[in-house]
Amino acid sequence: MRSWTSPDVPQLPALQASLQLFDTASDALVPVETPDDVGSLYVCGITPYDATHLGHANTYVHFDLLVRYWLASGVDVRYVQNVTDIDDPLLDRATATEVDWRDLAEDQTELFRQDMAALDVIAPGDFLGAVETIPQVVEDVERLVELGVAYRVPVPEAEAAQAGQSPAGDVYFDIAAAESSSPWQLGSIGNYTRPEMEELFPERGGDPERAGKRDALDPLLWRARRAGEPYWDGASLGEGRPGWHIECSVIARRHLPAPFTVQGGGSDLRFPHHEFSAAHATAADGLPLATCYLHAGMVGLDGSKMSKSRGNLVLVSALRESGADPQVIRTVLLEHHYREDWSFTDGMLVSAAARLARWNEALASAPQGPADQYQTDQPAAASAPNELQYALHSALSLNLNAPAALDQLDMWARGHLAQGVSQAEVRRTVQALLGIRLGAA
């Protein structure tokens, strides 16, 4: 799948990474190591049926900070993101709007690309759709069946694709078998109790009452062909399509080391998605999926939860069409810590625009220097990091504290920090670490 064009990222004199992140699995702030100066990141992507709302943007902009932090620390980045371009919500929306599901998926994925490019989010090195990885999904589900950690559940006769057919059956992951044969234990990733998971499972796409399942929480791996639904060749699994969680397990295992450094996504993915993506991978090869699980908070609107069912989504594309500067939108997002649940108001755009204007006013008063021919594709002329770079790097080192980094920019604008740093160095430093472009391009 085609990604989007990454923004220019200025090169900075490298500062050593000293990153600590809040790991959901251990419920603690942990040091994040990057052996051989390589950081690997998987961020779960969109299901493309109405991209991109502010909740999506909040997640991807904050994980963009992690990529920028690593790059500014001299760390190579391997970044992978998926697109769930086949799933029940997409099919339901396509049916409701009388649009071909493939057209809907491509239209909304393209809108997502445009929004990410506008927000100066660095593109992943691998951007993959679920549909294009179905052959690999089939391989891995067959492997789980062979290992005895997956089982078949007959399809109800009324749901068969054609009368008289007897499909091979849906394939489910066996939680109990996986717990007894691999290091993974239920709750070890999302850090929820069993009662909490039982409450969340039906709210987040699970089917706890499906007849024939061994455990109410067992997740779907392969859905057998149904009448009126798209399907693919599943080899020994029979015709059908993937369940949700297996796609990320498959993509991560083929494009990142095992374990990779950071698994990221919104906090609504803690369970069941991240729990079971990790479980599938570990059950197949005995290795952890990731070393650190990072979750971004939820974004509401005017004090209410933002959701598709409520019809109160704030779309990035709609904000842009109304005249909002993407740099202002990015600033609004960075004014909140990535773990924070918060509610958007129109006044935030006004205050963020004023804040951005103050930074630009301060930039105009910053000293000129020999390096002020500003070119993002050239290394910084300074032989050592400047004071502003140290300040921003320090703020981001402690759990990607973007609000603290913006506070450092405020201090610089008020004349209390890094006053000897030239205009070009300020622009280069802020663009590299925060993705905020000060002054004229």
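The values are calculated or read from the model by the stated rules, or taken from the named source; none is laboratory data. On a predicted model such as this, the values are computed, not experimentally measured, just so you know. Cβ: placed from backbone, ideal geometry, glycine included. Neighbour counts: every protein chain shown. Accessible surface is based on the protein model in full, side chains and every heavy atom, while ligands, DNA and RNA are left aside. Shrake-Rupley method; radii C 1.70, N 1.55, O 1.52, S 1.80 Å.
Averaging over all projection directions, the Cα-based convex hull of segment 54-159 occupies 10.2 nm² in the image plane. Of the listed values (1) 97, 65, 41; (2) 58, 46, 36; (3) 79, 45, 37, grab the one calculated as Cα extents along the principal axes in Å from the structure here. The listed entry that was calculated here is (3).
A cut-off under 10 angstrom between Cβ atoms defines the neighbours of Q327, and their net charge, with Lys, Arg +1 and Asp, Glu -1, is 0. Expressed as a whole percent, the accessible area of segment 188-239 that falls on carbon and sulfur atoms is 47 (1.4 Å probe). With all protein chains in place and ligands, DNA and RNA left out, the 1.4 Å accessible area ranks H393, H416, H337 as H416, H337, H393, largest first. If the chain linking Q11 and Q419 were pulled fully straight, counting 0.36 nm for each residue of separation and taking away their Cα-Cα distance, it would gain 144.8 nm. If you take all other residues with their beta carbon under 10 Å from the beta carbon of Q431, and give Lys and Arg +1 and Asp and Glu -1, the sum is +2. Using the Cβ of A14 as centre and a radius below 13 Å, the other residues enclosed give a net charge of -1, where K and R count +1 and D and E count -1.
Using a cutoff of 8 angstrom between alpha carbon atoms and counting only pairs six or more residues apart, the relative contact order for the chain works out to 22 percent. Relative to the longest principal axis of the Cα atoms of the chain, the long axis of helix 134-146 lies at roughly 60 degrees.
Translational diffusion of segment 142-291 was estimated from the Stokes-Einstein equation, with Rh taken as the Kirkwood radius over Cα pairs; at 4 °C and 1.567 mPa s the coefficient is 82 µm²/s. Largest to smallest in accessible area, the residues F22, F112 fall in the order F22, F112 (1.4 Å probe, all protein chains included). Using only side-chain charges placed at the Cβ, +1 for Lys and Arg and -1 for Asp and Glu, the dipole size of segment 38-91 relative to its Cα centre rounds to 320 debye.
Within the listed set V250, V30, V332, the residue fluctuating most in the Gaussian network model of the chain (springs between alpha-carbon atoms under 10 angstrom) is V30. In the chain, the calculated helix contribution to ellipticity at 222 nm averages -12000 deg cm²/dmol per residue, counting -39,500 (n - 2.57) for every DSSP H run with n ≥ 4.
Sorting Y390, Y69 by accessible area (1.4 Å probe), largest first, what list results?
Of Y390, Y69, the descending order of accessible area is Y390, Y69.
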